[in-house]
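A short write-up of the structure that comes next.
The values are calculated or read from the model by the stated rules, or taken from the named source; none is laboratory data. Bear in mind the structure is a predicted one, so any value in this text is a computation, not a measurement. With ideal geometry, Cβ positions are generated from the backbone for all residues, glycine too; neighbour counts draw on all protein chains shown.
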Amino acid sequence: MIVTAQDTAVVILSYNGKKWHELFLPLIIAEAPSGYTVVVVDNASTDDTFDYIQANFPEVQILRIAVNRGFSNGYYEALKQIEAKYYVLLSADFEVSANWFPPLHQAMENVEGLAACQPKIRYWREREKFEYAGAAGGFKDSYGYLFCRGRIFNDLEVDEGQYDDNVEVFWASGGCLMVRADLYHKVGGLDADLYAHMEEVDLCWRLKNAGYRIGYIGNSTVFHVGGSVISYGSPQKLFYNFRNSLILLLKNESASKLLWLLPYRLLLDGVAGVQMLAAGKFTECLTVIKAHFSFYRGFFKWLRHRKDAQQTVSATPNNEGSFNGSIVWQYFANKKKLFPSLKWSPKPLA
């Protein structure tokens, strides 16, 4: 089945997401006249999600994935069946606000070289705060560690309008990601083998390496429930965070930097594991070990992924949104818990 959208397809990946669709689909549909087609992808749900949407939302296009092989694979399979100028990848546990879409679309239409962007993401349960999954735009430091405006590690800022601007970032949240369909496919799309977590960072990194820009649009707001499929702090989430961060480095970092950075990151992960063990966090320590062994077992597969990723690297990669320093050192040693304390600002998006 091929789904065709005249301009933009808002693609909602759902696994047993009926309760979220009951809450959030009506407003998403109500905003659709601003310029998009709504497509729900049922990722082999075991509840009655598929039948519920067919019965209650006839205006929604629906696709079905036969076997659930994770978040990344769900989108990887679905987007091959959707024709559009733009995709918006929207997780089922997101609540949109009125007029959330036009600012994103306007940026994609008007900003030169913009391949993808995200809105402001706030926490559904504590609505005045930013949310973990993207907050006010994503960045990476010199050692490949990720952080956001509005959220550094576990510290969330209250939204007081400090990030109402439009800026260039290094990565945009996969929870609500607008991306040019042609460029998405040009760089290979989401990596289905990552399963979940950081797959959007990997995609954005490849787009940046190809010379394109990633944006944060501060006058569009959505709210994220978070942890609805894989809960925050769970061993499963910890596993994918540790494993996939290493895979991202191997796939996307320059060869000269990778020679020293990958061993250094492996060492730091080891230090983190020892600290977990000393603190009596035996499950967490074992999870880090499992993540490393999974990375080692798949090493040659990830090398093949690197070969594919390197084929789209431009002669002039775009490194905007990279913090020159260590966010780990700034946070833990210098006690800089909030983004403004870094005294570093991203480039305005114009």
| Name the helices (runs of 4 or more DSSP H) wholly within the stretch 1-87 that hold at least 1 residues that are under 23 Å from Val225 (Cβ atoms) and more than 20 Å from the chain's Cα centre (by Cα)? | 18-31, 49-56
| message | Suppose we filter Ala107, Ala136, Ala116 for residues that are in contact (Cβ under 8 Å) with a residue 12 or more places away in the chain and part of a loop (DSSP other than H, G, I, E, B); which single one remains? | response | Ala136
| request: Starting from residues that are at positive phi and within 13 Å of the chain's Cα centre (by Cα), keep the ones in the stretch 116-153 and report whichever is modelled with the lowest pLDDT. | output: Gly134
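Condition check ((1) touching a strand residue (DSSP E or B) at 6+ places or on another chain (Cβ under 7 Å); (2) modelled with pLDDT of 95 or more; (3) surrounded by 13 or more Cβ atoms within 10 Å (Cβ to Cβ); (4) among the hydroxyl-bearing types (Ser, Thr, Tyr)) across all residues:
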residue	(1), (2), (3), (4)
Ala255	no, yes, no, no
Leu261	no, yes, yes, no
Ala279	no, yes, no, no
His305	no, yes, yes, no
Gln311	no, yes, no, no
Gly321	yes, yes, yes, no
Ile327	yes, yes, yes, no
Pro346	yes, yes, yes, no
| field | Output for the stretch 154-179, where each listed residue is in contact (Cβ under 8 Å) with a residue 60 or more places away in the chain and over 15 Å from the mean Cα position of the chain (by Cα) | value | Asp155, Glu157, Gln162, Asp165, Asn166, Val167, Glu168
| task | Examine the stretch 133-147 for a residue that is of a type in the set (Lys, Arg) and in contact with a Leu (Cβ under 6 Å, 6 or more places away or on another chain), and state whether such a residue exists. | result | yes
| said: Suppose we filter the stretch 143-165 for residues that are outside any strand (DSSP E or B) and under 19 Å from Glu200 (Cα atoms); how many remain? | reply: 6
| query | Going by the structure shown, is Ser314 within 18 Å of Asn154 (Cα to Cα) and of a type in the set (Gly, Ala, Ser)? | reply | no
| remark: Exactly one of Ala350, Ala315 is at negative phi, at pLDDT below 95 and either in a loop (DSSP other than H, G, I, E, B) or exposed (fewer than 11 other Cβ atoms within 10 Å of the Cβ) (or both), and that one is Ala350
